[in-house]
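Take a look at the structure below.
The values are calculated or read from the model by the stated rules, or taken from the named source; none is laboratory data. If you're wondering where the values come from, they're calculated on a predicted model, not measured in any experiment. Every residue, glycine as well, gets a Cβ built from its backbone with ideal geometry; the counts of neighbours run over all protein chains shown. Ligands, DNA and RNA are excluded from the accessible area calculation, which covers all protein heavy atoms including side chains. Shrake-Rupley method; radii C 1.70, N 1.55, O 1.52, S 1.80 Å.
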Amino acid sequence: MSSQPETGLPNPSHVAIIMDGNGRWAKMRGLPRQEGHRRGLEALRRTVRNAADLGLSVLTLYSFSTENWRRPHAEVSFLMGLLKHFVEKDLSELAAANVRVRIIGNREDLPADLRRLVEHAETRTTGNTGLILAIAFNYGARDEILRAARRLAAEVAAGRLDPAAIDEAALSSRLDTHDLPDPELVIRTSGESRISNFLLWQSAYAEFVFTPVLWPDFDRAAFEDALAQYRQRERRFGGLAAVPARNADVA
Ligand code: IPE
Ligand code: IPE
Ligand code: MG
């Protein structure tokens, strides 16, 4: 596939993915859920390589939500361990591939060793200029917006900010994603058609692709299929005429 469209929109530069269906993938095979998560990590690695290869600028992956703490303790610790394993094992390769790692979400509640590790991953790759890999871990959009609102309130209380000066840019700049563009495309695997507290602010005008593919099976073909669906969309941003995404702000 060429990364440019025959007709319609160019490929998105930022794709965000809700990686869902690990548990069902395992259940269908009579395997423990953990095996689904292990295979999900392989799909994640594959998807990062494909995103770089397809020329995306940013890939955001929803790995653990603020609501996922409701799962049994054993599964939560397994998922924490899996992130740790991923960073420890893959960081050198990601760094060598010029990937810049960013973690979004609430770090305060993470175990201290994991927190140090993700900070190390960010610092080590901060100068990289290739794909930005944003991992949403202990991420909830409402939590993110609340933390941004608290920051704004604290600045107002300290007399550093005029409430009348709080505009969209002011709030955006206090989100975890302050240095990232909004995703043009959000993909969710596993056939669920909901957003589950992911990027509520940032996806205001994103296009959505819901695919029945379970996350461990998400491959190059499924990725390219989602991009092809995106390219056929007409983005109107509340206006009337179809405008190419890159001209949207001057239309
Ligand atoms: C996605 O797979 C991984 C996480 C949410 C951490 P699930 O674990 O949600 O798999 P299903 O939805 O139960 O199949
Ligand atoms: C969303 O999946 C969170 C992640 C993929 C990390 P869930 O499996 O937690 O979502 P719900 O509970 O089915 O909405
Ligand atoms: Mg799920």
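Take each complete run of DSSP H in the chain, measure how far its Cα atoms stretch along the helix's own axis, and keep only those covering 15 Å or more with mean Kyte-Doolittle hydropathy at least 0.0; list them.
Values: long enough: 33-53 (30 Å, -1.52); 73-96 (35 Å, 0.42); 112-125 (20 Å, -0.94); 141-157 (24 Å, -0.08); 220-231 (16 Å, -0.58).
Helices meeting the criterion: 73-96.
Hey, what number do you get for the chain at 222 nm if only DSSP H runs of n ≥ 4 count, each worth -39500 (n - 2.57), divided across all residues, to the nearest 500? Could the numbers behind the result be given before it?
Working: 7 runs with 100 residues, N = 251.
When only DSSP H runs of four or more count, the value is -13000 deg cm²/dmol.
Name the residue, out of Glu155, Glu35, Glu224, whose mean-square fluctuation peaks in a Gaussian network model built on the chain with Cα pairs under 10 Å.
Of the options given, Glu155 has the highest mean-square fluctuation.
Give the shape of region 136-210 as rounded, prolate or oblate, defined through the alpha-carbon gyration tensor: a ≥ b ≥ c are the square roots of its eigenvalues, a/c under 1.5 means rounded, and otherwise the shape is prolate if a/b is larger than b/c and oblate if not. Provide the component values of the computation, followed by the final result.
On the way: a/c = 3.24, a/b = 2.28, b/c = 1.42.
Prolate.
Let me know the charge dipole size of region 69-161 about its Cα centre in debye, to the nearest 20, where only the beta-carbon of Lys, Arg (+1) and Asp, Glu (-1) is charged.
Details: 15 positive and 12 negative charges, 52 e Å.
Using Cβ point charges on Lys, Arg, Asp and Glu, region 69-161 gives about 240 debye.
Using the Cα gyration tensor of region 54-106, with a ≥ b ≥ c the square roots of its eigenvalues, what is the shape: rounded (a/c below 1.5), prolate (a/b larger than b/c) or oblate (neither)? Mind dumping the intermediate values first?
On the way: a/c = 3.19, a/b = 1.72, b/c = 1.86.
Because a/c hits 1.5 or more and a/b fails to exceed b/c, region 54-106 counts as oblate.
Averaged per residue, what accessible surface does the chain expose to a 1.4 Å probe, in Å²?
Values: 12460 Å² over 251 residues.
Result: 50 Å² per residue.
Only Lys, Arg, Asp and Glu count, each charged at its Cβ (+1, +1, -1, -1), so figure out the dipole size of the chain about its Cα centre, rounded to 20 debye. Could the numbers behind the result be given before it?
Details: 33 positive and 33 negative charges, 117 e Å.
Roughly 560 debye for the chain.
To the nearest 20 debye, what is the magnitude of the charge dipole of region 1-142 about its Cα centre, counting +1 on the Cβ of each Lys and Arg and -1 on the Cβ of each Asp and Glu? It would help to have the intermediate numbers written out before the result.
Working: 20 positive and 15 negative charges, 73 e Å.
In total the dipole reaches around 360 debye.
Please report, as a whole percent, how much of the solvent-accessible surface of the chain comes from carbon and sulfur atoms (probe radius 1.4 Å).
Values: 6360 of 12460 Å².
Carbon and sulfur together cover 51 percent of it.
Compute the Cα gyration tensor for region 93-251, then decide on rounded, prolate or oblate, letting a ≥ b ≥ c be the square roots of its eigenvalues: rounded whenever a/c is under 1.5, prolate when a/b is larger than b/c in the other cases, and oblate in all that remain.
Details: a/c = 1.74, a/b = 1.15, b/c = 1.52.
Cα axes put region 93-251 in the oblate bin.
Taking the chain as a Gaussian network, Cα atoms linked when under 10 Å apart, which of Val76, Val15, Val99 shows the biggest mean-square fluctuation?
Among Val76, Val15, Val99, the largest GNM mean-square fluctuation belongs to Val76.
Which net charge results for the neighbourhood of Leu171, defined as the other residues with beta-carbon distances under 14 angstrom from its beta-carbon, given Lys and Arg at +1 and Asp and Glu at -1?
Its environment carries a net charge of -1.
Mind jotting down the distance between the C-alpha centroids of region 29-65 and region 208-232, whole Å?
Cα centroid of region 208-232 versus Cα centroid of region 29-65: 13 Å apart.
Between His85 and Tyr205, what's the calculated FRET efficiency when r is the beta-carbon distance and R0 is 51 Å? Round to 0.05.
That pair, His85 with Tyr205, gives E of 0.90.
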